[in-house]
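Here is the structure we will look at, set down as C-alpha cells.
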Amino acid sequence: KSIGTSPTSTSSRFSKGFLGLAALVFAALLYNSDFFWQTLVPEGKGRSYLPADIEKRDAIVAAFKHSWTAYERDAMGDDNYHPISKTGTNLTDAGGIGYTVIDSLDTIQLMGLDSEYARARKWIANSLSFDRDGNFNTFEASLLALIRLDSD
C-alpha cells in the first residue's frame, strides 16, 4: 500500500457526503413540516422564538466585508488568499479559476452586500476562465464551481 493513499475511493466519499447531505435536507424538511409539530412534539410544546442578535450579525457582516475588500484589492480572481502576505495563489501555475469568487457568491448575497455581489458577478462575466493547462483535479474544481454558479 502506498503512503498517502486512502483506502476510501472518491466515489465512496462522494456517496457518504451525498447521503449526509440528503439526511440533513430531510431533517430540515421534517423540522419545518406540520407533521413534526402536530404529531411528534408533545402537546403544549412549540417552537422557541430566538430573536436575532443584531449586534453579532452586524459584526459578522463587517468582518466578512473587511476580508472581502482585502481579497478584492490584493488577489481578485485568485483561488486562495493569504491575508498576512496580502497575496493570492492559484490551483495551478497556469493561473486560477477564481474559486474564491465563486465560492463566496452565496455568502455575499445572503449578507445583502449588493455592491460586492455585483462586482463579483461582473468579474465572473468578464474574467472567469476554465482554460487552464495545469495539473489539478478538473472534475472536482469544475463541478464545485458549476454547482455554485448554477445556484446563483
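What follows is calculated from the coordinates using simple rules that are stated; it is not laboratory data. Here the structure is a predicted model, which is why all the values come from computation and not from measurement. So basically every Cβ, Gly included, is an ideal-geometry build from the backbone, and we count neighbours across all protein chains shown.
Quick one: work out Rg over Rh on the C-alpha atoms of the range 62-104, Rh as Kirkwood radius.
Numbers: Rg = 9.9 Å, Rh = 10.3 Å.
Using only Cα positions, Rg/Rh for the range 62-104 is 0.96.
Highest first, please rank the peptides 54-65, 111-122 by the mean number of other Cβ atoms sitting within 10 Å of their residues. Could the numbers behind the result be given before it?
Details: 54-65: 11.2, 111-122: 14.8.
Highest to lowest by the protection proxy: 111-122, 54-65.
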